[in-house]
1. Which three lengths, in whole Å and largest first, does region 93-200 cover when its Cα atoms are put on their principal axes?
2. Under a GNM of the chain (C-alpha, springs under 10 Å), which listed residue has the highest mean-square fluctuation: 179, 120, 34?
3. Whole number please: convex hull volume per residue, Cα atoms of the chain, in Å³.
4. Mind sorting 17, 152, 42 by how few other Cβ atoms lie within 10 Å of their own Cβ, fewest first?
5. Considering only DSSP beta bridges with both partners in the chain, what is the antiparallel share in %, to the nearest 5?
6. Do any trypsin sites (Lys or Arg not before Pro) in region 74-136 lie in a loop, going by DSSP, with at most 13 other beta-carbon atoms within 10 Å of their beta carbon, and if so which?
7. Once you wrap a convex hull around the alpha carbon atoms of region 1-93, what is its projected area averaged over all directions, in nm²?
8. Using Cβ contacts closer than 10 Å as the measure, can you line up 167, 1, 209, 181 from fewest to most?
Amino acid sequence: MILIVSPHLDDALLGCCDHALAWRQRGWDVRVLTLFSAAGPCVSPVLSSRDAQALDPALYMRQRRQEDIDALASVGLTAEHLGFVDAGFRGAEAPDFQNLAQLWCGGLGPGGPALVEQATKALRRHAGGIFRVLCPLAVGGHIDHVISRRACEQAFDANLLSYYADMPYARAPWRWRATQMTQAARSRRSWRWVSRAKIQALQHYASQMPLLCGTTPRFPELLLDPP
């Protein structure tokens, strides 16, 4: 079985859709686990551009989960949501992240180490029968992507891990850290160009695609395998 670990409710298909389709055509079982798929009581100002301030957070995430279910189903995959709170909604009396610099800091942020440990335990419960794990490279440094990568690296043997470039952020060279560029240079690389099936699947993410990709996403997928 191939396991794709997705930080949010769209990252797996943005980064791995056409690879997943190819694996399924070869008869391999492919599963998608999304870590951050729930909302808390706070709404970060960072999300104001998505009108999240005007939405009930639980309703907003329920809409996103349904989008993910529909998008994955359109390419023959089942959505599994682990229910960790998205960084944009974390916080007790006030949001943990007040601006983009805090959210995209490349570190773990408030409560990050504890979230890594919790996510690691959750991933280990889904580890049976896996011979390959796809985890985000964390290009761009979004806190949830960094946490997802750390949890994958703690939960699974390094020989099982491959990394996918976080799209659409990886399109911008300045979002890559030197360590990520070095990893890409030393790894075996697999590219796939966007297919019609991927474009149609991503259209199910109606709340996200206009913000992330503009109109039609036409960027390739990049996977990094151990050298």
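1. 44, 36, 33
2. Among 179, 120, 34, the largest mean-square fluctuation in the Gaussian network model of the chain belongs to 179.
3. Convex hull volume per residue, Cα atoms: 112 Å³.
4. In increasing order of surrounding Cβ atoms, one gets 42, 152, 17.
5. 30 percent
6. Within region 74-136, the qualifying trypsin sites (Lys or Arg not before Pro) (loop, at most 13 other Cβ atoms within 10 Å) are 125.
7. 6.0 nm²
8. By the 10 Å Cβ count, ascending: 181, 1, 209, 167.
Each value in this text was obtained by applying a stated rule to the coordinates, not by laboratory testing. Note that the coordinates shown come from a computational prediction; the quantities given were computed from them, not determined experimentally. Here Cβ is always computed from backbone atoms with ideal geometry, including for glycine, and neighbour counts include all displayed protein chains.
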